[in-house]
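To start, the structure under review is shown below, and the notes come after it.
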Amino acid sequence: MDSCDVLIVGGGPAGSTLAWKLKNRGLDVLVLDRSTFPRDKVCAGWITPATTDLLQLDKDEYSQERVLQHISGFRTSMIGGAEVVTRYGSTVSYGIRRSEFDHYLLQRSRACLRLGEPLKTMVREKGVWIVNDDVKTPLVIGAGGHFCPVSRFLRMNRERNESAVIAQEVEFEMDESEQRDCRVAGDTPELFFCEDLKGYGWCVRKGNFLNIGLGREDNVNAAEQVRSFFDYLRERERIPLNTPAHFRGHAYQLYKGASQNLVADNVMLIGDAAGLAYPKSGEGIRSAVESALMAADVVLSASGEYQRSRLLDYPSLLARRFGKGGAAPGILPQAMRRFMGRRLMESSWFSRHVLLDRWFLNIHQPALG
Ligand SMILES: Cc1cc2nc3c(=O)[nH]c(=O)nc-3n(C[C@H](O)[C@H](O)[C@H](O)COP(=O)(O)OP(=O)(O)OC[C@H]3O[C@@H](n4cnc5c(N)ncnc54)[C@H](O)[C@@H]3O)c2cc1C
């Protein structure tokens with residue numbers, strides 16, 4: 001039987017960041033993922049500079065063989081409404097491809113990897129987990145995303161599924177004629193808010209790749225909503241006419257507070273498994289990375305003693321960072337839904353200072369110190 005100091009279930013940004021931090025501090029870390037890498041992940045692939053800073057990403061090295069699209073503005077509107085273009089004059093975000101980004105981070109972590117192997121069983125014996133009847137470890141970290149099996153084990157899944165965002169997207173590489181036909185600029189992603197403000201669609205161009213999607217807080221007529229958004233984009237003639245409509249769906253949870261159930265004896269949850277995406281924008285990569293860094297601090301200071309009481313600092317750190325939660329989560333705040341609408345979205349001031357700076361770019365919240 002194998003053994004390791006920490007076994008991480010899931011090699012997405014949360015799992016690979018934690019593996020990277022713990023490995024650098026000398027721990028023997030094993031990452032188990034049901035997929036083989038590089039693997040794709042349903043995601044627009046928009047990340048803020050706080051995320052690249054936290055990851056200490058060497059952008060020159062990264063971009064030598066991978067897409068790193070610099071973003072310096074946004075085009076925003078209600079679907080069917082007047083569009084506002086906000087330009088920053090410098091890079092305020094990046095576009096990445098998850099197949100490349102996640103693979104890079106996982107390789108960089110230097111952790112032992114068991115890829116193509118799902119978590120099947122975890123049994124606790126005398127304070128030690130036996131995972132898949134084959135690996136012995138004192139600490140299991142659930143980083144398996146929204147449907148993380150470790151989170152199911154902690155019975156966190158039912159509560160999370162009740163307020164999940166349902167999102168669908170398509171990402172494809174454009175050929176030369178499609179690149180010419182595509183009027184979406186790489187440095188200016190486009191965001192289109194639904195009339196009821198319960199979600200938004202996007203067009204994000206990353207080099208030769210185009211990512212189109214729609215995320216909503218409800219699951220009512222999801223396929224119909226996506227289809228009509230797609231038709232709208234085609235009518236606007238900003239995307240290539242033969243853009244494929246093979247949408248893939250996924251769900252994830254917006255942050256609504258850090259429950260103490262995110263830890264148990266010898267177990268912790270991070271990233272989407274803990275339900276941490278920013279409520280107003282749906283950005284989840286940054287909070288996945290930040291939760292991993294906070295978890296790393298708690299693991300290191302626990303010095304191998306992983307009873308629940310030694311891990312409770314983790315939900316406290318999350319609450320300090322992301323707030324206590326409690327208010328109904330949502331892509332857009334309730335107040336805005338009730339009292340504001342189309343006219344506000346057409347205001348250049350509102351689009352820049354509130355919608356983008358505050359809700360999407362979170363410029364008031366610097367990277368975790
Ligand atoms: C359509 C859509 C668009 C999005 N766009 C953005 C965006 O532009 N920017 C942004 O910041 N966030 C975005 N998000 C959210 C973002 O994708 C997630 O918050 C982020 O991927 C969370 O990272 P993670 O490491 O926690 O989980 P994941 O990235 O989901 O990784 C989980 C890993 O666990 C593995 N796993 C799952 N089950 C098992 C199992 N049983 N055994 C072993 N391994 C398992 C999976 O294979 C996967 O590799 C989007 C989400 C969706 C659905």
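Read-outs throughout are calculated quantities, based only on the coordinates presented, and are distinct from any laboratory measurement. All figures in this text were calculated on a predicted structure; none of them were measured in a lab. Heads up, the Cβs are rebuilt from the backbone with ideal geometry, glycines too, and the neighbour counts pull from every protein chain shown.
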(Q) Averaged across orientations, what area in nm² does the convex hull of the alpha carbons in the range 197-322 project? (A) 9.9 nm²
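Which number comes out as Rg/Rh for the range 140-261 once both Rg and the Kirkwood Rh are worked out on C-alpha atoms?
Numbers: Rg = 17.0 Å, Rh = 16.1 Å.
Rounded to two decimals, Rg/Rh equals 1.06.
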Q. In degrees, nearest 10, range 0 to 90: what is the angle between the Cα axis of helix 313-322 and the longest Cα principal axis of the chain?
A. 10 degrees
Q: Determine one quarter of the surface area of the Cα convex hull of the chain, which equals its mean projected area, and express it in nm² to one decimal.
A: 17.6 nm²
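Using only the Cα atoms of the range 43-86, construct the convex hull and provide its projected area averaged over every direction, in square nanometres to one decimal. Spell out each step's value before the answer.
Values: hull surface 17.5 nm².
Mean projected area of the Cα convex hull: 4.4 nm².
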Q | Local electrostatic count at D2 - Lys and Arg +1, Asp and Glu -1, tallied over other residues with Cβ under 14 Å | A | -3
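Looking at the square roots a ≥ b ≥ c of the eigenvalues of the Cα gyration tensor of the range 8-64, which shape do they give, rounded for a/c under 1.5, prolate if a/b is larger than b/c, or oblate?
Working: a/c = 1.95, a/b = 1.18, b/c = 1.65.
It comes out oblate by the Cα gyration axes.
Using only DSSP helix segments of four residues or longer, with each worth -39500 (n - 2.57), what per-residue ellipticity at 222 nm results for the chain after dividing by its residue count and rounding to 500? Provide the component values of the computation, followed by the final result.
Values: 13 runs with 109 residues, N = 369.
Rounded to the nearest 500, it is -8000 deg cm²/dmol.
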Q: Provide the percentage of antiparallel DSSP beta bridges, counting only those with both residues in the chain; round to the nearest 5.
A: 70 percent
Q: Using only Cα atoms, find the angle between the long axis of helix 222-236 and the longest principal axis of the chain, and express it within 0 to 90 degrees, rounded to the nearest 10.
A: 40 degrees
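Express the relative contact order of the chain as a whole percentage, based on alpha carbon pairs under 8 Å and six or more residues apart in sequence.
Details: 758 pairs, mean separation 80.1, N = 369.
About 22 percent, as a whole number.
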**Q.** Convex hull per residue volume in Å³, alpha carbons only, for the range 102-205
**A.** 171 Å³
Q: Taking the chain as the reference, fit the longest principal axis to its C-alpha atoms, fit the long axis of helix 285-302 to the helix C-alpha atoms, and give the angle between the two in degrees, 0 to 90, nearest 10.
A: 20 degrees
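Any idea what the alpha-carbon Rg over 2.2 N^0.38 Å comes to for the range 1-111?
Normalised Rg, Cα atoms only: 1.30.
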Q) Could you name the lysines in cross-link range of K206, using Cα to Cα under 16 Å and dropping any fewer than eight places away on the same chain? A) K41, K59
Q) Ranked from highest to lowest mean number of other Cβ atoms within 10 Å per residue, what is the order of the peptides 116-127, 7-18, 250-261? A) 7-18, 250-261, 116-127
